[in-house]
Each structure stands twice: as structure tokens, then as C-alpha cells.
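Reviewing the structure listed below.
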Amino acid sequence: MGELLADHTTLRLGGPADRFLTHRDPAAWTDLTRVIHRSPAPLYVLGGGSNTIAADTGFRGTVLRMATHGIRARILDSELVELTVQAGHPLCDLVAFAVAEGLSGIEYLGGIPGTSGAAPVQNTGAYGQQISDALTRLTAHDWHRGHCVELRPADCGFGYRTSIFKDRPGRWPILTITVLLARSSSAAPVSYPHLAGTLGIPMGVRPPLAEAAHGVLADRSNRGLSLPAIGPDARQVGSVFLNPAITHNQARAVRAVGGPVHRSENSGLRASAGWLLENAGYSPGTQVAPGVYCSSRRTLTLTAHRGATSTSFDAALRTLTACVFSALAIRLTPEPRRPSSNSTLPSVRTAGANFPNQQRISRPPGYVESS
């Protein structure tokens, strides 16, 4: 039997993978890609497993876990510093490092589970910051071309919790990310009421950098936004639905029953997925499917308990989606990713997407494999 995906996901669900590779050494990449290409099969790239629903039957293909660590700093001038980070480095550790070094630009991303390399996939964001705001470039392997490429933010198709990496999973495994941060003793202006209340300051104020980072962790904990190590909410993937884009008519319907409507970066309208679930009759602690409950702290988070399976978790997502649609004709989109065995690993070829800043990067051999 192969490596159980349940041992590598925060839901602790999922059957065995046919082949499970772990990429720990940045110098290992070239040989690792050769190993994968020798046995073409479906490929799924796994980070910290905090946004993954793995099937009970496992994965008929190769799972590649990115576990490289390391941060390299490059001082550009008296005000700006670049940090180049290995894909497997925990995002929360990157944020803590930046804050400790007096570097502002990602301080509101603290406490988010997952790896730094996974952050661009979802365009991870919180409290008015998102990783694409600080990102200057990343390196990724292009399976179609058979070599590494350097991509700039304009190449990545960033949007609200999306990117080309999410749209075409596995095509471009991310190896490193580089963020541009500013030397500052102050954080970005606070734009979220919850955080302003936690810090005890008015909206729009720039709090001290370390205090802002501590306030983010406190607010996330107070509102059940953290991933606890133990307890009834430990087995989860965080928020399970995106805040949906809505029409003006839908916005009027939401406001008519007391719901919040937010304006997104592109001036579109979005409803609160958590509020929509509560409006549909769900509350913290509600059982939705066998072994699957709304978090004891938040309706928007589903947690797995004894008896839960990936099948029952998927059933819970369908139930919640149907109830919200029945109540206000708004369709929710699940946020977690599902490893798919439907497509094979792309063969090396010269055709494919072209990027204006694409460069070849060589890597020496080596890899770690378990089965």
C-alpha cells in the first residue's frame, strides 16, 4: 500500500497514493523531474495539505510534496529588501521572519496555514493584503517545456483567490517565490474593523509592525480563524467557500434580509459566504453530514470528526451549496482543492503558454522518494 494522504492533509482524510515523492533539497529538482517523467502519470503537487480534500480511494498517480525550506534576503537599498523563499517553507514562518527583521508588506498574512509556494496558487490574502501585492517573481517548473521558468505577477493571472496555478493544477509547480518588502517600524493601515478592535485603534491607523502581527494572530484565534493543533476543530481546511461574486439584484436581496455586501478590488460586489450559510439555517457546531460539522467557532469552516470520510465531506459541501442557492439563488464555490487522476502528466514539448519574462534555470540532480 502506498503512502496515505490522510497523513499529509489537515483534514486527515484520504487513501494511498500510487507514488509519493518528497522534494526537500532545492538541488534535487532536475533528477526528480526525470524520475517523474520516466513513469508518466497524473501528478498532484502538495504543500502543507491545509487546502486539500483527498479521495478515500487515494490518488492513482504521483503526489509530489514540496518540503524545501529556506529564506534568502537581498538588500536593494536603504528602504527595500527582497526575500526569496523556498516553496515548502511555512507561510507563517516567512511572515514571522519578515516582522522580526522589520520588513513590512506581508504582516497581515500571519497565522494562515500552508506553505509559501502554495500562497500564489490561491493568491492567499487577509486583512487587506494578498501575496500578489508583495510578489515580484517566482520560479516554477513548466512540465510542457521541460525546464524551469521565471514568472512575474503579470504572468500569473492573479485574481480573488485564484491564479493560473489554480486554474491548471500541476502544470507549473512553484519552486521559489520572491517578495519585495519595505523597511518599516509600522504596518500597513488597518482596514478591517475586527483587527482595529483587537488592536484598540481607529480604522486607517498604521500600528507598530510587531503589534499588528500579534493582533492578527489574536484576532484569528478569537474568531476561530486559526488551525488548532488539538480539539474539535483541529481537522479542517479553513474556510470552505469563497465569498461569491453577486449581481446588483442579488445584492439588493441580501441587503433586504440584513446581510452584508462588500465591494471587491475590481469594484464588483461580493456577499459573505459565512453570512449566507447562517442565513440558510446553519450555525457553529451544526452536523452537516456523517462525521462532518460546522466548526464550533465558525459556520464557514467544516471540521471532520470520528466517522468522517472524504465522501461525506464532499456531501456536506454539496448540501451547504444547495441550501444557500435555495435561500437566495447565490451559488457558492468550494475553496479546497481535490487531487484529480483524470489527466496525465504533460509530455515535454515546445508548445504551450508563452510568458514575457520566461527564463531557463538549471538545477542539479537528487530527490527523496517513499512508497
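The values are calculated or read from the model by the stated rules, or taken from the named source; none is laboratory data. All values reported here derive from a predicted model rather than from experimental measurement. All Cβ positions, even for glycine, are placed from backbone atoms using ideal geometry, and neighbour counts span all protein chains on display. Heads up: the accessible areas ignore ligands, DNA and RNA and are worked out on the full protein's heavy atoms, side chains in. Shrake-Rupley method; radii C 1.70, N 1.55, O 1.52, S 1.80 Å.
Select from V257, S221, G238 the residue farthest towards the positive end of the dipole of segment 209-258; place +1 on Cβ of Lys and Arg, -1 on Cβ of Asp and Glu, and compute about the Cα centre.
Projecting each Cα onto the dipole axis, the largest value belongs to V257.
Calculate for the chain the 222 nm mean residue ellipticity that helices alone would give, adding -39,500 (n - 2.57) per DSSP H run of length 4 or more and normalising by residue count, nearest 500 deg cm²/dmol.
Working: 10 runs with 88 residues, N = 371.
Result for the chain: -6500 deg cm²/dmol, rounded to the nearest 500.
Roughly to the nearest percent, how much of the accessible area of the chain is carbon and sulfur, given a 1.4 Å probe?
On the way: 8210 of 16050 Å².
Carbon and sulfur together cover 51 percent of it.
On average, how much accessible surface per residue is there in segment 110-194, in Å², for a 1.4 Å probe, leaving out ligands, DNA and RNA?
30 Å²
Based on Cβ point charges of +1 for Lys and Arg and -1 for Asp and Glu, what charge dipole magnitude is obtained for segment 247-327 about its Cα centre, in debye rounded to the nearest 20?
Rounded to the nearest 20 debye, it is 140 debye.
Can you run phi through the Karplus equation (6.51, -1.76, 1.60; θ = phi - 60°) for segment 21-35 and list ³J(HN,Hα) in whole Hz, with x for Gly and Pro?
For segment 21-35, the Karplus-derived couplings read 10, 10, 9, 10, 9, x, 7, 8, 5, 4, 5, 4, 5, 5, 4 Hz, x marking Gly and Pro.
May I ask you to derive the relative contact order of the chain, considering only C-alpha pairs under 8 Å and at least 6 residues apart, and to give it as an integer percent?
22 percent
In the chain, if the dipole is taken from +1 on Lys/Arg beta carbons and -1 on Asp/Glu beta carbons about the Cα centre, which of A329, A280, S186 is farthest to the positive end?
A329
If I take R0 = 51 Å and measure r between the Cβ atoms of N266 and T57 in this structure, what FRET efficiency does the formula 1/(1 + (r/R0)^6) give, to the nearest 0.05?
On the way: r = 39 Å, r/R0 = 0.77.
After rounding, the FRET efficiency stands at 0.85.
If you average the C-alpha positions of segment 317-339 and of segment 1-80 separately, how far apart do those two centres end up, in angstrom?
Result: 28 Å between the Cα centres.
Between segment 124-192 and segment 252-283, what's the alpha-carbon centroid distance in Å?
One Cα centre to the other: 27 Å.
At a Förster distance of 56 Å, what's the computed FRET efficiency of M203 paired with V35, Cβ-Cβ distance as r, to 0.05?
Values: r = 52 Å, r/R0 = 0.93.
Calculated value: 0.60.
Take every Cα pair under 8 Å in segment 1-53 that's 6+ residues apart, average their separations, divide by the length, and report that relative contact order as a whole percent.
Result for segment 1-53 is 43 percent.
What residue among A87, G49, V35 has its Cα farthest toward the positive end of the dipole of segment 6-115, where the charges are +1 on Lys, Arg and -1 on Asp, Glu, each on the Cβ?
Result: V35.
Please list the non-local residues whose amide H lies under 5 Å from the amide H of R137, H modeled 1.01 Å from N, same-chain partners needing a gap of 5 or more.
Long-range HN contacts for R137: T178.
Place a +1 charge on the Cβ of each Lys and Arg in the chain and a -1 charge on the Cβ of each Asp and Glu, then give the dipole magnitude about the Cα centre in debye, rounded to the nearest 20.
Value, rounded to 20: 760 debye.
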